[in-house]
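Input: a single structure, listed below in structure tokens.
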Amino acid sequence: MRGGWRLINRTSGEVVVPDLILADRFWPRFVGLQFRRRLPPGSGLLLVPCNSVHTCFLRFPIDLICLDRQGRVVEVRRNLRPWRAAIAAAATHAILETAAGDVHVDVGQLLSVQAAADAPATLPRSLQFLSPEPTRE
């Protein structure tokens, strides 16, 4: 899993997730948050691409924030408990998993990534849909 990114609300500039963990390859997506005792406050796991998740082997409830290919929030599911499954809205391209109640976003908000101090020099291909550049609509 790769870090070094922050997720921000493109409209307000507010930092939504200060420590964004990227799971954009098979194994990190497969493992996800399983077997962790908790997710540190301010952290979130972004699964790309992803349109469904399960919470088997999780030890804590999570919130799911479903994003489309423009970085728009298309669905928010709160407090998904362990040993559940969730299929996201049809437009979902990626799912952000956060500790339950840790992140506050609303459907329709547009999110983008911002490099943290330890971020790679270039935006990974899997995060380009969250580029801070305005979307073409």
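With respect to the conditions (1) free of Cβ contacts under 8 Å to residues at least 40 places away in the same chain; (2) closer than 23 Å to Glu133 by Cβ; (3) part of a strand (DSSP E or B), Gly108 lacks only one, and its number is (3). Restricted to segment 1-11, and to residues that are assigned to a loop (DSSP other than H, G, I, E, B) and modelled with pLDDT under 90, which residue is farthest from Ile87 (Cα to Cα)? Result: Thr11. When segment 12-59 is filtered for residues that are surrounded by fewer than 16 Cβ atoms within 10 Å (Cβ to Cβ), of a type in the set (S, T, N, Q), modelled with pLDDT of 90 or more and over 18 Å from Leu110 (Cα atoms), only Ser52 remains. Scanning segment 51-76 for residues that are at positive phi and either in contact with a strand residue (DSSP E or B) (Cβ under 6 Å, 6 or more places away or on another chain) or aliphatic (A, V, I, L, M) (or both) yields a count of 1.
When restricted to residues that are free of Cβ contacts under 8 Å to residues at least 12 places away in the same chain and in a loop (DSSP other than H, G, I, E, B), segment 12-60 contains 4.
Every condition in (1) crowded, with 16+ Cβ neighbours inside 10 Å; (2) among the polar types (S, T, N, Q); (3) part of a loop (DSSP other than H, G, I, E, B) holds for Thr122 except the one numbered (1).
Taking the residues in segment 76-94 that are out of contact with any Pro (no Cβ under 9 Å at 6 or more places or on another chain) and among the aliphatic types (A, V, I, L, M) as candidates, determine which candidate is surrounded by the most Cβ atoms within 10 Å (Cβ to Cβ). Filtering first and then ranking leaves Ala88.
Based on this model, can you work out whether Val73 counts as under 17 Å from Arg10 (Cβ atoms), in contact (Cβ under 8 Å) with a residue 40 or more places away in the chain and buried (at least 16 other Cβ atoms within 10 Å of the Cβ)?
no
The values are calculated or read from the model by the stated rules, or taken from the named source; none is laboratory data. Only a predicted model underlies this, so the values are computations on that prediction, with no experimental measurement involved. Every residue, glycine among them, receives a Cβ derived from its backbone with ideal geometry; neighbour counts consider all protein chains shown.
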